[in-house]
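Shown next, in structure tokens, is the structure this report addresses.
The values are calculated or read from the model by the stated rules, or taken from the named source; none is laboratory data. All values derive from a computational prediction rather than experimental measurement. All Cβ positions, glycine included, derive from the backbone under ideal geometry; neighbour counts span all protein chains shown.
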Amino acid sequence: MIPVLPLSDASTWSAAKGILKKGGILALPTEFSYALSEAPEWGNPALFPWERNSRIYRLKERDSSKPVLYLAGSLGIVERFACLPSSTIGCRLAFRWPAFQTLVLRAKPLAIRLGMASRDGVSFRIPHQTLLRRFLLFLGTPVSGTSLNISGKEPITEVREASLVFPTLDAVIDGGFKPGKPVSAVVDVRYGTPIVIREGGSIWSPRASFRENCAKIV
């Protein structure tokens, strides 16, 4: 039976961290859905970069050419793996974190070595949900945030469903809240003017599109 660890009980965080340090995979609640979360900085150091995330791709039955986004608890953690934007609007977007927005940043050598980067970019989000962010800050390292689902199927938002559909998970984190927001916006801020790759939810002006929000902060 898959262990279910309550996110509200900080005494279980060390157990979750221990699972990740051994290369395990958690079902982690995010704003949109549960995520398949592993820590690329931990686990088996002998793996080649292209072997990392392989278990996630197999579980999701996902095309391995598709990039994986990462969740972090602070800007300081992000900066170990990626370069912050150089443009004014890119910086303003980055400093709006924590927020329900995913930014594609230029990958640093560590992210490339760990197989986190797609070409020269790596995608990050610092979640707005306070308890989740505190847990990520406790970990001190990024974890993958790709949605918990079989590719092409609806993402999972329930603890019980996560255990039933993915019985080989190492643990399920019960966040005490039900995910269900629209997908986050994805914005490439590597080169000058931000490029909106995907429209999505945002906490800072939910009635406007992400493109409209970007235009307001230039």
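Out of ALA16, ALA99, ALA111, one residue alone is surrounded by 14 or more Cβ atoms within 10 Å (Cβ to Cβ), modelled with pLDDT under 90 and within 18 Å of the chain's Cα centre (by Cα). It is ALA99. When residues in the stretch 1-47 are screened for being in a strand (DSSP E or B) and either in contact with a Ser or Thr (Cβ under 7 Å, 6 or more places away or on another chain) or of a type in the set (D, E, K, R) (or both), 8 of them pass. Filtered by the rule that a residue be touching a helix residue (DSSP H, G or I) at 6+ places or on another chain (Cβ under 9 Å), touching a residue at least 60 places away in the same chain (Cβ under 8 Å) and either aromatic (Phe, Trp, Tyr) or under 10 Å from PRO194 (Cα atoms) (or both), the stretch 88-98 gives ILE89, LEU93.
Table: residues versus (1) without any contact (Cβ under 8 Å) to a residue 12 or more places away in the chain; (2) surrounded by 14 or more Cβ atoms within 10 Å (Cβ to Cβ); (3) at positive phi; (4) among the polar types (S, T, N, Q).
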residue: PRO167; (1), (2), (3), (4): no, no, no, no
residue: ASP174; (1), (2), (3), (4): no, yes, no, no
residue: SER184; (1), (2), (3), (4): no, yes, no, yes
residue: ASP188; (1), (2), (3), (4): no, yes, no, no
residue: THR193; (1), (2), (3), (4): no, no, no, yes
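Within the stretch 37-86, being modelled with pLDDT of 95 or more, in contact with a Gly (Cβ under 8 Å, 6 or more places away or on another chain) and among the aromatic types (Phe, Trp, Tyr) holds for one residue alone: TYR70.
One line per residue, one yes/no per condition, for (1) in contact with a strand residue (DSSP E or B) (Cβ under 8 Å, 6 or more places away or on another chain); (2) among the aliphatic types (A, V, I, L, M); (3) more than 27 Å from ILE2 (Cβ to Cβ):
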residue	(1), (2), (3)
LEU105	yes, yes, yes
PHE124	yes, no, yes
SER151	no, no, no
ARG160	no, no, no
PHE166	yes, no, no
